[in-house]
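Only one structure is covered here, and it is reproduced in the block below.
The values are calculated or read from the model by the stated rules, or taken from the named source; none is laboratory data. As the structure is a computational prediction, the values presented were derived from the model and not from experiment. Here Cβ is always computed from backbone atoms with ideal geometry, including for glycine, and neighbour counts include all displayed protein chains. These accessible areas exclude ligands, DNA and RNA; they are computed on the full protein's heavy atoms, side chains included. Shrake-Rupley method; radii C 1.70, N 1.55, O 1.52, S 1.80 Å.
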Amino acid sequence: MEFKNTLQGFTGISLAELKDRAELMQRANNKYVLDTNTLIIFLEAMQNDFCILEINKIRDFTYHNIYWDSPNLRTFYDHNKDRRKRFKVRFRYYLESNLFFFEVKIREARSITYKYRLPIDIETYQTKRLPEALFRFLSEKIYQHYAYTLANDFIPSIQNSYLRLTLVAKESVERITVDHQLLFTFEQQKDNLPFNRYIIEVKSTTGRSSVDRWLQHNHYRPVSKCSKYSIGVSLLKLTHKNTQFTPTIRRAFHKPMDSFKHISLSVKPPS
């Protein structure tokens, strides 16, 4: 059964309403990996309590990301070593709305994530050097949280793209995203995660939402090493190494690490 048929059971919600109800720029996240049949059951169970983001009659949106890291992959290794103080830097392109953003995600104590962003234009999105104004913005946020300074040695790392649908709770401050058809690129290399696996991210103020309880009651546990950036680095840059994300790739996605699948991107980033 095609899971998108299930989306017809949700009431649509606008982007303005989503921001008003559950923008959650400060939040706790839990990620789960479901197969297609379980996703359909999950979506059916959510229909009474959640609306779905809809823009111009579209409910499944295309995201492109360019991640920035140091030459020695500092942000990746901070996550791989499970450091409590870690952050992520990216450019994000929302295809359907033709919007570009510079985004910084900072992990704090108690597993709370803070997200900051600035609008950018297509020329900035395509740059190979992090502009000074964006570096200042990043540095200010890092100093605000961690009280240390950064060197501006950031360079473009891997890219990824995927489709995402977003559910918003009708009553509580909760949001669910469902990411699928994940594609990764680095220079001339390409790889993907199996298209019959879906990353469910439950975003709430506490990390102990009703959705988390539903999933765990049905024997699904959060997948701790499920960063899309780190999975992409493991697949494309560190193929011959076992990282903390290798077990997730093998077990949650049932993908052997040596099975590179060179594919063409169905939707290409702007050029």
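Quick one: Kirkwood hydrodynamic radius for segment 1-82, alpha-carbon pairs, angstrom, one decimal? It is 16.0 Å. For GluC sites (Glu not before Pro), the sites in segment 110-178 that DSSP calls loop and that have at most 15 other Cβ atoms within 10 Å are 171.
Legend: translational diffusion of segment 151-198 by Stokes-Einstein, Rh = Kirkwood radius over C-alpha pairs, 10 °C, 1.306 mPa s; D = 119 µm²/s. The trypsin sites (Lys or Arg not before Pro) of segment 95-140 meeting both criteria, a DSSP state outside H, G, I, E and B (loop) and at most 14 other C-beta atoms within 10 angstrom of the site's C-beta, are 128, 129. Straight-line reach from residue 225: taking Cα to Cα under 14 Å and skipping same-chain neighbours fewer than 8 places apart, the aspartates and glutamates in range are 78, 82, 201.
Entry comment: accessible area of the chain is 49 Å² per residue, from protein heavy atoms only and a probe of 1.4 Å. When the C-alpha to C-alpha distance is required to be over 27 Å, the pairs from 170/255; 88/128; 85/203 that qualify are 170/255.
Of the solvent-accessible surface of the chain, computed with a 1.4 Å probe and all protein chains present, 47% belongs to carbon and sulfur. Value of Rg to Rh for segment 153-251, rounded to two decimals, is 1.02; Kirkwood radius and Rg both from alpha-carbon coordinates. In segment 206-261, the ratio of gyration radius to Kirkwood radius, Rg to Rh, stands at 1.09 when only Cα atoms are counted. For residue 241, the aspartates and glutamates whose Cα comes closer than 12 Å to its Cα, not counting residues fewer than 8 places off in the same chain, are 258. Here is the list for segment 186-238: trypsin sites (Lys or Arg not before Pro) lying in DSSP coil, each with at most 13 other C-beta atoms within 10 angstrom of its C-beta, are 208. On the principal axes of its alpha-carbon atoms, the chain has extents of 48, 42, 38 Å, going from largest to smallest.
Across the cross-link table entries 4/105; 105/237; 4/237, which are compared at the Cα atoms, the separations over 25 Å belong to 4/105; 4/237.
Stokes-Einstein diffusion for segment 41-163 at 4 °C, viscosity 1.567 mPa s, with a Kirkwood radius from C-alpha pairs, works out to 80 µm²/s.
Note: relative contact order over the chain, using C-alpha pairs below 8 Å and six or more positions apart, is 23 percent.
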